1. Rounded, prolate or oblate: pick one for the stretch A:157-237, where a ≥ b ≥ c are the square roots of the eigenvalues of its C-alpha gyration tensor, a/c under 1.5 means rounded, and failing that, prolate if a/b is larger than b/c, else oblate.
2. Roughly how tilted is helix B:231-249, in degrees to the nearest 10 and between 0 and 90, from the longest Cα axis of chain B?
3. For B:Ala144, which inter-copy label distances result when the label point lies 7 Å beyond Cα on the Cα-to-Cβ vector, reported in nm to one decimal and in ascending order?
4. Keeping all protein chains in place and using 1.4 angstrom, which order do B:Ser331, A:Ser182 fall into by accessible surface area, from largest down?
5. When each copy gets a label point 7 Å from Cα toward the beta-carbon at B:Arg54, what are the spacings between them in nm, shortest first?
6. Could you state how much accessible area is buried at the A-B interface, both sides summed, with a 1.4 Å probe, in Å² to the nearest 100?
7. To one decimal place, what orientation-averaged projected area in nm² is obtained for the convex hull of the Cα set of the stretch A:233-365?
8. With springs connecting C-alpha atoms under 10 Å apart, model chain B as a Gaussian network and identify which of B:Thr400, B:Thr334, B:Thr326 has the largest mean-square fluctuation.
Protein chains: 2
Amino acid sequence: MIVELVSTGTELLLGQIINTNAPFLAARLNELGFSVLYQTSVGDNRERMKNVLRTALERADIVITSGGLGPTQGDITKEVTAALLNKSMYFHEDSAERIKRYFAERRICMSDNNLRQAMMPEGAKIVENTCGTAPGVIVEDQTAGKIIINLPGPPHELSAMFETSIAPYLKEKYGVQGAIVSKVLRTYGLGESALEERIKKYILSQSNPTLALLARNGEIHVRITARAASETDALQLIVNLEGQIRPLINEYIFGIDDETMEKSVGSLLLAKDLTIALAESCTGGLVTSRITDVPGSSRYLTGAVVCYSNEIKVTHVGVPENIIATEGAVSPKTAESMAQGIKEKYFTDIGIGITGIAGPDGATAGKPVGLVYIAIDGPAGRVGYQHYFNGNRTDVKHRTALAALNHLRQYLLTI
Amino acid sequence: MIVELVSTGTELLLGQIINTNAPFLAARLNELGFSVLYQTSVGDNRERMKNVLRTALERADIVITSGGLGPTQGDITKEVTAALLNKSMYFHEDSAERIKRYFAERRICMSDNNLRQAMMPEGAKIVENTCGTAPGVIVEDQTAGKIIINLPGPPHELSAMFETSIAPYLKEKYGVQGAIVSKVLRTYGLGESALEERIKKYILSQSNPTLALLARNGEIHVRITARAASETDALQLIVNLEGQIRPLINEYIFGIDDETMEKSVGSLLLAKDLTIALAESCTGGLVTSRITDVPGSSRYLTGAVVCYSNEIKVTHVGVPENIIATEGAVSPKTAESMAQGIKEKYFTDIGIGITGIAGPDGATAGKPVGLVYIAIDGPAGRVGYQHYFNGNRTDVKHRTALAALNHLRQYLLTI
């Protein structure tokens, strides 16, 4: 089955946003055994969109659009789809009710044009949107035996709708040939090329399962994808290959599939029944925010202090004034006293101290932008780390947060 | 002049890489006054690539391809371009020499297939690659008066080649195409459709400048795009339209172009010479982290406490124990004492308190997941807000952060 992805939206043609929906859909559809042979982007223009969809229907069996389902005048994807397949639009009561409920539950007054989103091509399957107001649409062209699927543009709405409704629909309608299963080994601490060197012979020799390296904000993901008659067989193929490559990169693997660094850290803290508090300077609360992204993190996180000023470091974290005076606010000793101080003040098992220069200002002789000190104090004693991160201010913050979480993970593994 | 961008490479169809070349070229071409109306991605397959290029030539004057200029058998873009325009390929000595030099200078031994990169369509303009081995190609179809430009796939090679050779070529060949200038008014607090209702008549009536609404993580961006003979004229058109729509939505506009909410808050704090501290519970430090994303934020942010446990709320923020006992940790009174407490303990002009239920657990009778209280205490007195946010845990955190920053912005405007 040949698929064409059609991304709609003038902002794409102006280069104002990067299209992440197309690669997401392409990857998932390939895993399901469909061939995505074309991807097209077109603006919110009826004539051009109609021509693009016509061309797509000529060369593909399934056309999946993204974007243009919103309430505004510029949202025309459903209408153009209906026009192309000679179907009229009708007002879908259930969708209207759901949209009204959506606003009512959020205590937001709804303006009338939101109900445009309840206008549907006749005979279309309506797909519920669990993350937003715009329903998706599946229109089957019985005569040509082809299908157009309209999905919303916001990536989280699109991905949720694809997983909950579209993938099951496609599987049922076309019956996936055998099973395609993927497993992701999330690694941190080794560069992409260094990682590739270690497992190169498997990347080159493997055709099933396949091995792919994907760099994802500071992490490198090793994706193992196996195709087999049954899911069990596919999983067995994955287990075999994983058993071969794990010994080569095991120390860098922190999580599996969607297990984030903060999630794996949280699991370790729970397993070892330890509590934690943080004193963050240059990261400004980012590390604590990531830790609290994990449901149930209140069971091990007591709290944190963002000690941006030296006064707060001294008064509310307990860093001795003379250490800041003699060593400087950005120093190994300051990071260590931050870790020790927050641990004692917040009565936790573990304390973390982070201080550095996020930039662009603040660099001094011998202390460049990107210099960061991370310290951990806890049952396994006190440890400290020095890093030089590059990139802009937010890059440095994010790299520091990831490094701090990984240091904590490795610290917990020694307990 | 109508342009179509054709990105080649099977990795795009597999969703293994995100296409950043298309948005880069689209943005630059629009700035030069060209209209990019279509973007297509196709794999390394002769027949399909030829058909895609044929379709592109039918609907565009200029077709710019990216990728497929490398040394491997899979790199076929130049050959397919030549075949489509009925041109033969020949061996271009100068390019061959340049490629040999490239490897020699880098002390890398060159494999023969690298010389495939010196095969060129007859009559083509050869464009030097200053960052890699693959030259670019400009093929003019005299009869049809159309052009195909082949650019390399690696983004840094493509962008360098576009700036040094392609942009000048296009400017010279087509003269100044005039300019397209965009200005974005970033708004918060009014839904996309409600916002559209207010400026609908301008959206519908305007063809130049055009008005577009874009939803961006909780913000709505109003994009004004003007086309004119010169940048100055385009800017004037924007100023005129902005003057007409501003009165209708002014209270919701918080920033221009890339001015984030935290940046505009920071500017207000600096302008009014006020300092701030935060007590965050359900947001776990996210608001403080966003505030510290702004360079120089240490001039107004003293610090913050992430008070996840009630003990921290009492001991380190100064919330009276009985308030938590009688009103609950998630209550207007607790938020207000958090704001007041952190302001007093951290000796700042303004204190902010945020408490709520991020979920998925923690909901109680009358206090659903997504219930959030935000309080501000400062020179203009103490104010509190109640919100019901939807979405998962991180959605609630992000919506709360945005709301808190906007409440602070509006509070500062009253001072």
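1. Since a/c reaches 1.5 but b/c is at least a/b, the shape of the stretch A:157-237 is classed as oblate.
2. 30
3. So the distances to the same position in the other copies read 2.3 nm.
4. Working: B:Ser331 5, A:Ser182 40 Å².
Accessible-area ranking of B:Ser331, A:Ser182, largest first: A:Ser182, B:Ser331.
5. Nearest first, the other copies' label points are 1.7 nm away.
6. 5600
7. Details: hull surface 44.5 nm².
If you wrap the Cα atoms of the stretch A:233-365 in a convex hull and average its projections, you get 11.1 nm².
8. Result for chain B, Cα springs under 10 Å: B:Thr326 fluctuates most.
The values are calculated or read from the model by the stated rules, or taken from the named source; none is laboratory data. Note that the structure is predicted; figures quoted are calculated from it, not measured. Neighbour counts are summed over all protein chains in view; Cβ atoms, including those assigned to glycine, are modelled from backbone coordinates with ideal geometry. Just the protein is used for accessible areas: all its heavy atoms, side chains included, with ligands, DNA and RNA removed. Shrake-Rupley method; radii C 1.70, N 1.55, O 1.52, S 1.80 Å.
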